[in-house]
Amino acid sequence: MRAFSHKAETDAEFNAKYVLPPSYKTASACADFTFFFTKQKKTTRWVAFFKGTEDLGELHRGLQNVFSYDLVPSAEIITEAIKASRQYNDYPTAVRVLEGLKKKVINPQFGFV
């Protein structure tokens, strides 16, 4: 298990660490480069994020960001988020992940109303 980190990671540091190809690392004009990415790249970004969470607060911040998008998170992202919540023995967070998914996927065919 990783040591607790008191330093908050900025968006630019997060993008440099997990997302951006070398050609975009020097571009500092825009703080959020998510519009450059396809769905697969976003999935890869968030899977890497949830695999590398250092504490429960960081996990909650990531979940807030994932569910703030207009899209439904992919199965890989949900799987890693639940694994990360299990890593911290936080059952309520795992339930909230599933509740957030249920809220995103409102489809009477599957019984979610």
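Computed from the coordinates by the stated procedures, all read-outs in this text should not be read as laboratory data. As the structure is a prediction and not an experimental result, all values here were calculated from the model. Heads up, the Cβs are rebuilt from the backbone with ideal geometry, glycines too, and the neighbour counts pull from every protein chain shown.
If a residue has to be surrounded by fewer than 13 Cβ atoms within 10 Å (Cβ to Cβ) and either of a type in the set (Asp, Glu) or not in a helix (DSSP H, G or I) (or both) to count, how many in segment 46-71 make the cut? Full working, then the answer.
Just the residues of segment 46-71 that are surrounded by fewer than 13 Cβ atoms within 10 Å (Cβ to Cβ), to begin with: 51, 57, 64, 68-71.
In the following step, the residues that additionally are either of a type in the set (Asp, Glu) or not in a helix (DSSP H, G or I) (or both) were identified as 69-71.
Matching residues across segment 46-71 total 3.
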Taking the criterion of being over 9 Å from the mean Cα position of the chain (by Cα), among the polar types (S, T, N, Q), farther than 24 Å from residue 13 by Cβ and surrounded by fewer than 17 Cβ atoms within 10 Å (Cβ to Cβ), would at least one residue in segment 36-45 satisfy it?
no
